[in-house]
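Down below is the structure, laid out as structure tokens.
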Amino acid sequence: MRIEERKVTVGEVCDGYLNDAEEGVVGYGERLDIRPCYQREFVYKDRQRDEVVRTVMKGLPLNVIYWCKTGGDSYEVLDGQQRTISLCEYVDGSFSVDDKYFYNLPEDQKRKILDYQLFVYVCDGTDSEKLDWFRIINIAGEQLTDQELRNAVYAGSWTSSAKRYFSKTGCAASTLAGDYLKGSSIRQDYLETAISWAAAAEGKTIEGYMAQHQHDPSAVSLWNYFRSVIDWAQAIFPRYRKEMKGLPWGLFYNDNKDRTDLDPATLEAEVSRLMADEDVTKKAGVYEYLLTGMERCLSIRAFDDRMKRAAYERQGGVCPYCGEHFELSEMHADHIVPWSKGGTTTADNCQMLCRDCNLKKGDD
Ligand SMILES: [Zn+2]
């Protein structure tokens, strides 16, 4: 089975579109069988059908569509039939979306739809392979996760080996790092996470990584990488807290593994202090904050309306920086002593600044 990426525009797919009870459904200059015999009936609800068209109108991405090669330059739709028919029927003028038929649209919007690029994987294989594929993709009502699909597309020795490490109940990854991972091993969340980290370290996508390794005899290198990530996290932050579950430890590792300035004892003292700080509203952000220094990781508590009102009354409505008078609604709350310098989000540390002064202060 060979898989090849192809960019196909909506206009190309709609070329020669025919939907006929006798002759079937074809498009792409009659080279694409949109509804081959083993496909399900068209069961999209109108709302879903409209949503496909709106997605294309906005230029947002649709999920990958799969075609199978049936000859030199002929294909059939393996997965994506309903999306394909929705788009073809719309361009054909069979239904309207938001009270507009395709032929009602201005030229530039028509062009935008026709030029929209569908992301198609073209698979080349035998009929039995095609049918197996279709079963995998459309298991009776069971929506496959992205990683389950990737495992099917990149099936081989590497994926089988990777699944032994990451995808079974009680697998090695779950024993070693279940506390650090979110999702479930069975639905391939652990495997997806591990590959995404390893792929990021090499500047690749998950698909790119899997394509590169598909024919490796085993996934031991991914497993070793994953163990290094968890070893590093445990060495740097030796005390486990529940907030550590589900964080992107591999990305932290990729960016920080070579640093020599990280001291576990100092970091633990900081974690402990920040966990207890009431102004830190996003506790899970503490780890990223300590590695990057980015305060936004912590979602520092904002002043509430009562504190703002109290400060405004105390100031008599005057901005302490420029001395002008403003309405409350024209002013912004500001920490007198910044949070990073020990200031708290309490009424006594609140001042109201006019928009301009607040902006200038922010620039400092
Ligand atoms: Zn001012």
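The values are calculated or read from the model by the stated rules, or taken from the named source; none is laboratory data. Fair warning: this is a prediction, and the values are worked out from it, not measured in the lab. Here Cβ is always computed from backbone atoms with ideal geometry, including for glycine, and neighbour counts include all displayed protein chains. For the accessible areas, the whole protein counts, side chains as well, though only heavy atoms, and no ligand, DNA or RNA atoms are used. Shrake-Rupley method; radii C 1.70, N 1.55, O 1.52, S 1.80 Å.
Mind counting the residues in the stretch 265-283 that are open to solvent by less than 40 Å² (accessible area, probe 1.4 Å) and closer than 18 Å to residue 232 by Cα? The qualifying residues number 2. Flag: residue 284 matches the condition of being more than 15 Å from the ligand (Cβ to nearest atom) and either under 36 Å from the mean Cα position of the chain (by Cα) or among the hydrophobic types (A, V, I, L, M, F, W, C) (or both). For residue 182, state whether it is under 15 Å from the mean Cα position of the chain (by Cα) and assigned to a loop (DSSP other than H, G, I, E, B). In short, yes. Whether a residue is out of contact with any strand residue (DSSP E or B) (no Cβ under 9 Å at 6 or more places or on another chain) and not polar (S, T, N, Q) was assessed, and residue 293 passes this test. Selection of the stretch 328-351 for residues being within 28 Å of residue 273 (Cβ to Cβ), among the aliphatic types (A, V, I, L, M) and crowded, with 17+ Cβ neighbours inside 10 Å yields only 333.
Quick grid of which residues meet (1) more than 16 Å from the ligand (Cβ to nearest atom); (2) in the same structural domain as residue 198 (by TED's automatic domain parsing); (3) surrounded by 14 or more Cβ atoms within 10 Å (Cβ to Cβ):
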{"position": "293", "(1), (2), (3)": "yes, no, no"}
{"position": "297", "(1), (2), (3)": "yes, no, yes"}
{"position": "326", "(1), (2), (3)": "no, no, yes"}
{"position": "355", "(1), (2), (3)": "no, no, no"}
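Can you tell which of 203, 170, 250, 246 is part of a loop (DSSP other than H, G, I, E, B) and surrounded by 15 or more Cβ atoms within 10 Å (Cβ to Cβ)? I'd like the intermediate steps shown before the answer.
Numbers: 203 fails: surrounded by 15 or more Cβ atoms within 10 Å (Cβ to Cβ); 170 fails: surrounded by 15 or more Cβ atoms within 10 Å (Cβ to Cβ); 250 fails: part of a loop (DSSP other than H, G, I, E, B).
Step by step, each of 203, 170, 250, 246 is checked, and only 246 is part of a loop (DSSP other than H, G, I, E, B) and surrounded by 15 or more Cβ atoms within 10 Å (Cβ to Cβ).
So which residues in the stretch 39-96 are of a type in the set (Ser, Thr, Tyr), modelled with pLDDT of 90 or more and surrounded by fewer than 19 Cβ atoms within 10 Å (Cβ to Cβ), if there are any at all? Scanning the stretch 39-96 gives 55, 74, 94, 96. With the requirement that a residue be of a type in the set (A, V, I, L, M, F, W, C) and in contact with a Leu (Cβ under 6 Å, 6 or more places away or on another chain), what does the stretch 311-330 give you? Residue satisfying the conditions is 319 alone.
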